[in-house]
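For reference, the structure discussed in these notes is given below.
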Amino acid sequence: MKQSATAADFIRNSFSEKIDLAIVQGSGINITDSEFEELFSVKFTDIPGFPHPTVEGHGGVFSIQRYKGKNIAFFKGRIHYYEGYSMWEVAFPVRLMHHLKISKVIFTNAAGSVNKEILPGDLVFLKDYINLVQDNPLIGHPPDTGPRFIDMSAPFNADMREKAKNILRDLDIDLKEGTYCFLTGPTYETPSEVRMVSLLGADLVGMSTVPEIIMARQLDMDILGLSLCTNLGTGLSQTELSHEEVIQIGKKAENKFRGFIKGFIDVL
């Protein structure tokens, strides 16, 4: 925890006010606009101990923005296991949130659908996850952040999910929920892997988010998980998968995502 505490001290030297909510932005997802007032911004690479992102579409910027009197911390981009980092390193931003006394977080990601009822451009609330990587940020580290054995019967906060559902109804956006399956990447899944995760009960598949959820649960944070479906899984579409497609769908869904986030901040 020492490195994340040092990183938090670095940020507090420039911004010491309370932060009401943290949002981690997934691939190609951009939420802020001119209605958000930027209060503080720094590159991940300038924060002591912060792992360096290497993926296109993950800008690598930590920013604090004010919207309607609330201070929101944005992690514009994230660290991935497939970049060669350990699970502990991938979860570094969550420990940083903890030291900044942030208790609520929204994890967003871009994900592929293995459920034909979830289509590119859909927003999907996560109700559960499957960790097929079978690695964990808590392995090999002393439980100085919290208890070692964490109950995962309800990884996502029920109150935050209910507020989120009401906002989508108000915005007339189709409400979809699903289970997210975490695989290592960076290769996309084969047709057989898509069939396998579907049989296991997954609706979406991706390469992130689960290590952060585990760390956040250990630190007793309130979590909302939100996926943007950017493509159909291999075998469900005739189109070859590409990272460029993920980025493009993210840009097309910006207004939908932004409207939801603004509504959620209003009811915090």
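Coordinate-derived values only; no laboratory data. As the structure is a computational prediction, the values presented were derived from the model and not from experiment. Ideal geometry is used to build each Cβ from the backbone, glycine not excepted, and the neighbour counts take in all protein chains shown.
Longest stretch of the chain clear of exposed loop sites (trypsin sites (Lys or Arg not before Pro), DSSP loop, at most 13 other Cβ atoms within 10 Å, sites excluded): 149-268.
Across region 173-187, rounded Karplus estimates of 3J(HN,Hα) from the backbone phi angles (6.51 cos²θ - 1.76 cosθ + 1.60, θ = phi - 60°) give 9, 3, 8, 10, 10, x, 9, 9, 9, 9, 10, 5, x, x, 6 Hz, Gly and Pro being marked x. Here the Debye sum runs over all C-alpha atoms of the chain as equal scatterers in vacuum, and log10 of I(q)/I(0) at q = 0.07, 0.12, 0.14, 0.15 Å⁻¹ comes out as -0.22, -0.68, -0.95, -1.11.
Shape analysis of region 59-152 yields a ratio of the Cα radius of gyration to the Kirkwood radius, Rg/Rh, of 0.98. Checking the Cα-Cα distances for Lys43/Lys165; Lys2/Lys256; Lys18/Lys43; Lys18/Lys163 against a 30 Å cut-off, the pairs over it are Lys43/Lys165; Lys2/Lys256. Rounded, prolate or oblate, given the Cα gyration tensor of region 9-81, with a/c below 1.5 counting as rounded? Oblate, because a/c is 1.5 or more while a/b does not exceed b/c. What the phi angles of region 30-42 give under the Karplus curve with 6.51, -1.76 and 1.60, with θ = phi - 60°, is a coupling list of 10, 9, 6, 9, 5, 7, 8, 9, 6, 9, 7, 8, 8 Hz, glycine and proline written as x.
Taking every DSSP beta bridge with both residues inside region 2-266, roughly what % is antiparallel (nearest 5)? Within region 2-266, antiparallel bridges account for around 40 percent of the total.
Distance from the alpha carbon centroid of region 33-70 to that of region 146-194 works out to 23 angstrom.
Which whole-number percentage describes the relative contact order of the chain, with Cα contacts under 8 Å and a sequence gap of 6 or more? It would help to have the intermediate numbers written out before the result.
Numbers: 542 pairs, mean separation 70.7, N = 268.
Relative contact order of the chain: 26 percent.
Dividing the alpha-carbon radius of gyration of region 148-238 by 2.2 N^0.38 Å (N being the number of residues), what value is obtained?
Values: Rg = 15.0 Å, N = 91, 2.2 N^0.38 = 12.2 Å.
Compactness ratio reported: 1.23.
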